[in-house]
Amino acid sequence: MEATDERNHYTAKRKRDINEDVDDSPAVANGGVDFSLLEEIEKSQNSVEVLDVKTLKKLVLSFERRLRDNIAARLKYPDQPEKFADSEIELHEEIEKLKILAGAPELYPDLVNLNTIPAILDLLTHDNTDIAIDVVGLLQDLTDEDVLDENDEPARILVDCLIENNVLESLLQNLLRLSETDPDEVAAVYSTLSTIENLIEVKPAVAEMVCERTKLLRWIIGKIKVREFDSNKQYASEILAILLQSSVANQKRLGQMNGVDVVLQAVAMYKSRDPKSLDEEEMVENLFDCLCCLLMPLENKERFLKAEGVELMIIIMNQKKLCYGSAIRALDFAMTNYPPACERFVDVMGLKTAFPAFMGKASSPPSLIPTTKNKKRSKEELEERLISLVASLFGGVLRGSRRERLLSKFVENEYEKIDRLMELYIRYSNRVKEESERLNDLELDDLEMDEDEKYNRKLESGLYSLQLIAVILGHLWTSEHPRIKARIELLLKQQKLTKTDVKNVLQEYHDNIGDLDGPDEKEKAQAKIQRFIAAL
């Protein structure tokens, strides 16, 4: 109740000051132009101080003086808000003045040396939430990406100092007390998330720190669980994607907090309806990004399977709403190097859903037609995901009736799936060939490029999809299905290609398999590719 009284008094005082300024203003004359006001503006412009160390010290001294006054007034009159309200407004004004430092990030090391950061951060726990909100706004401005863009060293010094003085813990402590109904506090939630994002931008290790030291993940989970959409739910989903995208520790941590199930429930709301706005659409895309990141560790794949994530993704695909392409992407992540998900996919009639899409026959929903960059899943991206999904199926379904059902898909309808596979092989092969020629031309122009860089460029042009197609062909060839073999040979001959062309693609793939999953897994993967090469 006291905090509410303080805020009301604080707000009333601000309004009263504004009204008093209006009452005392000189009469407007000369066609509505107040010349005295213009003179004041001109004087103030001429007297603006240069932002240097001297100005910084003045700002800091003034801030510290107002802070001391406020502390003293609160200690003297703890139960009489009206007695310390004026000092609160003065403190607010000093915090606002400090925002000017965002225009001079080169002064950040001096700000740190003046030992002002601890005092600023202490205000995040101020009894008056308005003061804490002011500090959040100040931190957001000081760490803004545009401000720090070309000031790497000053930015690092400031962020290191903030982290050392527990900015993450203080921000979260304040975040947990903010209301979702008060407009100022809702805006402060957004500013808090923005500040955390800025800190991660300067110091990527903050992504793991904030999850280790605070309850941010728990707060985000709570936000995502809310059915109603708002801008802070959207931003929370974006921050979660940032926290997960490069941290296995965070992926595992969220998985242990039932995060896989929470994200699945959040996307399930869109299985039969599309988002109502572009912002909501962006949130849904963020949630699928989170899901795909979560599906990197093996234990989260298991949780996905247990939560019937495979079934949900197939339902979403069948509904052909906006999430169609995202569901394919999630399945691709879930099934990569995880046979149980591949087997479940076959068991719940996933082949019936996936292969019309692989053939390009499944009519994509209108919302999937690309219109703006990075907003829609393009046809090509979906195609590459489907190629990867089919390759995962062959790698995960190795024997028994499931394997027969998978192989039968490539026999039915007069081998149309093999025809489609060869059509994709030719297209991606041509693209990679064009890129190789372009890279060779660049070398002739004396633009040196090492082999790793050239290989990565070719991967970007479609080499990885070409390699996966060759792997699928290898699985089909070694299936000992004589009619499948005959069809592949016929199609290669029609395109003036031979099995050697496919073997060359497989050999390059074999030679570049990494050991991210450990030397044993690398050896197993290379042995499998070597069997395909030998069989061809």
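Quick rundown of the values:
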quantity: Flag for L67 being surrounded by 15 or more Cβ atoms within 10 Å (Cβ to Cβ), within 30 Å of the chain's Cα centre (by Cα), on the phi < 0 side of the Ramachandran plot and part of a helix (DSSP H, G or I); calculated: no
quantity: Hey, L398 part of a helix (DSSP H, G or I) and either more than 31 Å from the chain's Cα centre (by Cα) or surrounded by 15 or more Cβ atoms within 10 Å (Cβ to Cβ) (or both) or not; calculated: no
quantity: Contacts under 8 angstrom Cβ, first residue in the range 417-429 being open to solvent by less than 30 Å² (accessible area, probe 1.4 Å), partner outside any helix (DSSP H, G or I) and of a type in the set (F, W, Y), 6 or more apart; calculated: K417/F410; I418/F410; L421/F410
quantity: All helices (runs of 4 or more DSSP H) inside the range 443-513 with 2 or more residues being β-branched (V, I, T) and modelled with pLDDT of 95 or more; calculated: 464-477
quantity: Residue selected from the range 181-225 under the condition free of Cβ contacts under 8 Å to residues at least 24 places away in the same chain and part of a loop (DSSP other than H, G, I, E, B), by the criterion surrounded by the most Cβ atoms within 10 Å (Cβ to Cβ); calculated: D182
quantity: Single residue of the range 173-207 satisfying the filter (within 19 Å of C161 (Cβ to Cβ) and among the charged types (D, E, K, R)) that is modelled with the highest pLDDT; calculated: E197
quantity: Count - residues of the range 106-119 that are assigned to a helix (DSSP H, G or I) and open to solvent by 10 Å² or more (accessible area, probe 1.4 Å); calculated: 8
quantity: Looking only at the range 136-180, and only at residues there that are β-branched (V, I, T) and assigned to a helix (DSSP H, G or I), the one that is farthest from T116 (Cα to Cα); calculated: V147
quantity: Sole residue being surrounded by fewer than 19 Cβ atoms within 10 Å (Cβ to Cβ), closer than 30 Å to M283 by Cα and of a type outside the set (D, E, K, R), chosen from L490, L386, L459; calculated: L459
quantity: Single condition E281 does not satisfy, out of (1) in contact with a Pro (Cβ under 9 Å, 6 or more places away or on another chain); (2) in a helix (DSSP H, G or I); (3) without any contact (Cβ under 8 Å) to a residue 60 or more places away in the chain; calculated: (3)
quantity: Hey, V248 within 18 Å of the chain's Cα centre (by Cα), among the β-branched types (V, I, T) and open to solvent by 10 Å² or more (accessible area, probe 1.4 Å) or not; calculated: yes
quantity: Conditions (1) open to solvent by 30 Å² or more (accessible area, probe 1.4 Å); (2) part of a helix (DSSP H, G or I): number failed by D79; calculated: (2)
quantity: Top-ranked residue in the range 136-147 [being out of contact with any Lys or Arg (no Cβ under 9 Å at 6 or more places or on another chain) and farther than 24 Å from R74 by Cα; ranked as modelled with the lowest pLDDT]; calculated: V147
quantity: Verdict on L176 being in contact (Cβ under 8 Å) with a residue 40 or more places away in the chain and surrounded by 19 or more Cβ atoms within 10 Å (Cβ to Cβ); calculated: no
quantity: Candidates K503, K496, K522 - the one that is of a type in the set (K, R) and touching a residue at least 24 places away in the same chain (Cβ under 8 Å); calculated: K503
quantity: Options S246, S277; residue that is among the small types (G, A, S) and under 20 Å from L216 (Cβ atoms); calculated: S246
quantity: Which listed residue, of L56, L61, L124, is open to solvent by 70 Å² or more (accessible area, probe 1.4 Å) and either of a type in the set (D, E, K, R) or in a helix (DSSP H, G or I) (or both); calculated: L61
quantity: Pick from the range 496-526, criterion open to solvent by less than 70 Å² (accessible area, probe 1.4 Å) and among the acidic types (D, E), ranking: farthest from G395 (Cα to Cα); calculated: D501
quantity: Number of positions in the range 286-331 that are open to solvent by 40 Å² or more (accessible area, probe 1.4 Å), modelled with pLDDT under 95 and assigned to a loop (DSSP other than H, G, I, E, B); calculated: 2
quantity: Yes/no for I133 being open to solvent by 20 Å² or more (accessible area, probe 1.4 Å), at pLDDT 95 or above and in a helix (DSSP H, G or I); calculated: yes
quantity: Residue list for the range 269-285, filter: touching a Leu at 6+ places or on another chain (Cβ under 6 Å) and either open to solvent by 70 Å² or more (accessible area, probe 1.4 Å) or hydrophobic (A, V, I, L, M, F, W, C) (or both); calculated: none
quantity: Qualifying positions in the range 430-441 - among the acidic types (D, E) and either in contact (Cβ under 8 Å) with a residue 24 or more places away in the chain or crowded, with 16+ Cβ neighbours inside 10 Å (or both); calculated: E434, E435
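Condition check ((1) closer than 20 Å to L123 by Cα; (2) charged (D, E, K, R)) across all residues:
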position: L162; (1), (2): yes, no
position: L171; (1), (2): yes, no
position: R177; (1), (2): yes, yes
position: E180; (1), (2): no, yes
position: V186; (1), (2): yes, no
position: V189; (1), (2): yes, no
position: S194; (1), (2): yes, no
position: E208; (1), (2): no, yes
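Quick grid of which residues meet (1) in a helix (DSSP H, G or I); (2) of a type outside the set (V, I, T); (3) within 34 Å of the chain's Cα centre (by Cα); (4) over 25 Å from Q494 (Cβ atoms):
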site	(1), (2), (3), (4)
R405	yes, yes, no, yes
N413	yes, yes, no, no
E416	yes, yes, no, no
L424	yes, yes, yes, no
R427	yes, yes, yes, no
N430	yes, yes, yes, no
K433	yes, yes, yes, no
S436	yes, yes, yes, no
L439	yes, yes, yes, yes
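The values are calculated or read from the model by the stated rules, or taken from the named source; none is laboratory data. All of these numbers come straight from a predicted model, not from anything done at the bench. Neighbour counts run over all protein chains shown; Cβ positions are idealised from the backbone, glycine included. The area values use the complete protein model at the heavy-atom level, side chains included, leaving out ligands, DNA and RNA. Shrake-Rupley method; radii C 1.70, N 1.55, O 1.52, S 1.80 Å.
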